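Here's the structure we're looking at; comments come further down.
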Amino acid sequence: MQISRRTALVGIAAAVPLASAALATPAVAAPPAASSGPASSGTGVLGVQRWLNTTFGHVPGWVHVTEDGQTGAATVTGLAQGAQSLLGITPVVPAVGPATRQGLEQHGDVGGETGPDAGTWCRLAQAGLICAGFSTVTMTGSWDAATVAAVQALRGALGAAPAGPTMSPHLFGSLLTTDAVRLGPGGSPTVRTVQQYLNRTYAEATGGAYGSTSGLVDASTSQAVVRAIQIAASAGAVDGAWGPGTAASLRAATASVVGVGASGPWVQLVKALLVLNRERIPFDDVYTAADARVVRAFQQFQAFPATEQTGTCDFGTWAALAASSGDAGRATTGADLASRLDATHAAALTSAGVCIVGRYLTNDQSAGVRDKAMTVEELRVLASAGLDLWPVFEEGGTEESWFTVEQGVTDAHRAHDAARRLGLPKQTTLYFAVDFDATPAQTSSAVLPYFRGVARGLRDRGDQYKAGVYGSRQVCTTVSSAGLAHWSFVGGLSTGWAGNQLVPLPSNWSFNQVQARTVGTGDAATEIDANVVSGRDPGVTAARLGR
């Protein structure tokens with residue numbers, strides 16, 4: 001089906017938190033003249049916003065900070081741009097990229113400056129502390145007792161090791177994000193302990209960064225644990241993004257293979273990952289037989305081959321814990337694709353070990369689109385090749401506006417009618433696609449109503465087919481938990497989707513995309529998305545397709 005081929009990169013961009021995205025590196029020049037300004041033009045966050053605009057509003061690229069007294073992404077962006085200006089980066093940009101991080105490293109600790117910009121640096125740090133919720137701080141321009149106390153309180157909240165009164169570049173950088181530093185509503189104290197451990201152990205390393213300590217598993221936490229793996233495995237790049245380089249470094253780190261009786265940093269890191277994956281396991285640095293039983297159950301649920309369900313944490317287990325694609329190169333037996341299969345291409349798939357394919361019921365509704373719909377003749381080809389089928393419906397669904405009750409009813413009618421024309425057996429599961437990184441709020445307000453419409457539309461046609469869902473782990477779990485999807489087809493290939501990051505696979509997962517591949521050569525070459533198959537949904541067997 002290759003749904004994620006056009007969304008994986010979008011998902012990666014969308015998942016990077018504000019003020020930590022890497023944009024094009026701007027030029028670096030001498031810092032513009034900037035008045036340190038009055039202590040503030042008001043108090044609290046409103047004073048911060050007014051001071052930022054007054055002090056830096058003239059610099060090239062400045063994005064005006066709305067003066068509403070509300071801490072949020074816009075104000076944090078102003079803090080980041082203020083830091084860039086003081087570092088001599090021009091034009092300033094509304095994100096923290098490599099130039100900002102490098103500039104902060106070269107600048108050194110914040111709070112010990114001398115010279116004409118010392119007061120401005122101090123006020124910028126105080127502004128960040130105020131926005132982080134340290135209300136006793138005022139923008140005096142002096143590294144006073146209230147500021148030092150707030151810096152130490154910030155360290156404690158983040159789990160950082162004790163240090164002097166000033167702020168390291170990485171600690172100051174934590175103020176240039178929207179990551180929460182206090183236990184949030186619904187947050188888990190155990191998860192917060194893990195988040196603080198990650199900060200304490202890895203945030204000050206080269207390439208490290210402080211992450212959220214809200215007790216909620218979020219994109220910041222996902223990036224923090226991947227950075228920890230990269231640092232521990234001596235990866236070439238420490239950027240918090242799971243990719244081939246990280247996987248290769250981890251695979252080469254033989255000390256990362258953890259079995260019963262092991263202890264030390266690698267054990268604590270894998271147990272941190274297990275906690276973040278919602279496994280009930282003590283968070284310590286000793287790997288026990290009880291831990292191995294938890295890991296063995298995890299491996300079984302992930303559909304590891306029987307010989308790899310050992311309870312030992314090896315590369316495949318690390319990968320499955322860290323990324324929704326897991327070990328992307330693992331052997332798979334499922335493939336979804338947009339290309340219609342003929343005998344030659346079907347044979348190439350079977351030669352590559354594929355047993356079941358995901359194919360589209362219909363074409364998109366817009367003009368000039370690729371002809372991806374199945375035909376009766378193609379079903380005969382699948383039957384002859386011994387390939388089973390899972391049918392997918394997607395005529396839109398790449399943005400929130402598609403998802404309404406009415407559209408769900410329409411899509412269910414069209415999917416049902418197409419399945420009947422193709423002669424698919426009754427009670428086959430038809431997978432309806434949510435092909436964007438829907439937030440939990442969007443899932444609740446738009447995706448769930450859409451699937452209620454799907455249920456109504458299938459009832460209109462006599463409930464001859466079941467509804468399944470394609471989407472992120474978060475979407476699939478939410479839709480399925482609402483009783484609106486029988487099975488889940490997970491877009492795990494889109495590792496950048498926030499809805500996939502450290503979110504467990506749904507309990508009813510049937511297919512999980514892990515890698516875009518080319519199978520076959522020459523005229524038989526076929527582009528597929530490789531899928532791990534759980535076996536929960538047998539699809540339509542080749543024998544039934546051949547009837």
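The values are calculated or read from the model by the stated rules, or taken from the named source; none is laboratory data. All values derive from a computational prediction rather than experimental measurement. We place every Cβ from the backbone using ideal geometry, glycine too, and count neighbours over all the protein chains shown. Note: accessible area is taken over every heavy atom of the protein model, side chains too, but ligands, DNA and RNA are not part of it. Shrake-Rupley method; radii C 1.70, N 1.55, O 1.52, S 1.80 Å.
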Worksheet item: Which net charge results when you count Lys and Arg as +1 and Asp and Glu as -1 among the other residues whose beta-carbon is under 12 Å from that of residue 277?
Response: +3
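Leaving out ligands, DNA and RNA, what percent of the accessible area of segment 407-467 is carbon and sulfur, probe 1.4 Å?
Summing carbon and sulfur atoms, their accessible area is 44 percent of the total for segment 407-467.
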Practice prompt. Using the heavy atoms of the protein chains and a 1.4 angstrom probe, tell me the accessible area per residue for segment 63-160 in square angstrom.
Written response: 36
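Roll a 1.4 Å probe over the protein chains and send me the accessible area per residue for segment 399-537 in Å².
Working: 4830 Å² over 139 residues.
Accessible area per residue: 35 Å².
Using Cα pairs under 8 angstrom and six or more residues apart, how large is the relative contact order of segment 396-547, in percent? Provide the component values of the computation, followed by the final result.
Values: 284 pairs, mean separation 31.3, N = 152.
Over segment 396-547, the number comes to 21 percent.
Give, in nm to one decimal, the length gained when the segment between residue 254 and residue 541 is fully stretched (0.36 nm per residue of separation minus the Cα-Cα distance). Let's see the in-between values first.
Working: separation 287, 0.36 × 287 = 103.32 nm, distance 4.17 nm.
Taking 0.36 nm per residue and subtracting the Cα distance, the gain is 99.2 nm.
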Worksheet entry | residue 444-residue 507 pseudo-label distance in nm [points 7 Å out on the Cα-to-Cβ vector] | 2.1
Item to complete: Enter the Cα centre distance for the pair segment 390-418 and segment 442-501, rounded to the nearest angstrom.
Response: 11
Practice prompt. Could you provide, to the nearest whole Å², the per residue accessible area of segment 265-322 with probe 1.4 Å?
Written response: 40
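For the chain, what is the calculated [θ] at 222 nm in deg cm²/dmol (nearest 500), taking -39500 (n - 2.57) for each run of four or more DSSP H residues and dividing by its residue count? Can you show the working numbers first?
Values: 19 runs with 212 residues, N = 547.
So the calculated ellipticity at 222 nm is -12000 deg cm²/dmol.
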Worksheet entry | Hypothetical label at residue 456: residues of segment 405-434 whose amide nitrogen lies under 20 Å (7 Å Cα-Cβ projection) | 405-417, 432-434
Fill in: For segment 311-329 and segment 262-288, distance of Cα centres in Å
15
Worksheet entry | Simple Cβ-charge dipole of the chain, Lys/Arg +1 and Asp/Glu -1, about Cα centre, in debye nearest 20 | 1120
Response to the item:
For residue 420, the net charge from surrounding residues (Cβ-Cβ under 10 Å; K, R +1; D, E -1) works out to +2
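Please label the shape of segment 486-547 as rounded, prolate or oblate, based on the square roots a ≥ b ≥ c of the eigenvalues of the alpha-carbon gyration tensor (a/c under 1.5 means rounded; beyond that, a/b larger than b/c means prolate, else oblate).
Working: a/c = 3.69, a/b = 1.20, b/c = 3.08.
It comes out oblate by the Cα gyration axes.
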Item to complete: Measure off, as a whole percent, the carbon and sulfur share of the 1.4 Å-probe accessible area of segment 260-373, all protein chains present.
Response: 52
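Restricting to Cα pairs below 8 Å that are 6+ residues apart, what does the relative contact order work out to for segment 222-346? Please round to a whole percent.
On the way: 150 pairs, mean separation 25.1, N = 125.
Relative contact order, segment 222-346: 20 percent.
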Fill in: Antiparallel DSSP beta bridges within the chain, percent to nearest 5
45
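Taking Cα pairs under 8 Å and at least six residues apart, what relative contact order does the chain come out at, in percent? Walk me through the intermediate numbers first.
Values: 1139 pairs, mean separation 70.0, N = 547.
Once divided by the residue count of the chain, the mean separation gives 13 percent.
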Practice prompt. Under a cut-off of 12 Å between alpha-carbon atoms, report the aspartates and glutamates in cross-link reach of residue 372, not counting same-chain residues fewer than 8 places apart.
Written response: 336, 364, 394, 395
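If we count every other residue with Cβ under 11 angstrom of residue 121's Cβ, Lys/Arg +1 and Asp/Glu -1, where does the sum land? Don't jump to the answer; show the numbers that get you there.
Details: positive: 123; negative: 109, 113, 117.
Summing Lys and Arg as +1 and Asp and Glu as -1 gives -2.
Which percentage, to the nearest 5, of the DSSP beta bridges contained in segment 408-547 is antiparallel? Intermediate results must be reported in sequence, preceding the final value.
Working: 8 of 19 bridges.
Here the share of antiparallel DSSP bridges comes out near 40 percent.
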Item to complete: Would you mind calculating the gained length between residue 149 and residue 161 on full extension (0.36 nm times residue separation, minus the Cα-Cα distance), in nm to one decimal?
Response: 2.8 nm
Fill in: Reported label for calculated Rg/Rh (Cα atoms, Kirkwood Rh) given (i) 0.93; (ii) 1.03; (iii) 0.96
(ii)
Worksheet item: Within the chain, which is the longest segment containing none of the GluC sites (Glu not before Pro) that sit in a DSSP loop and have at most 16 other Cβ atoms within 10 Å?
Response: 1-278
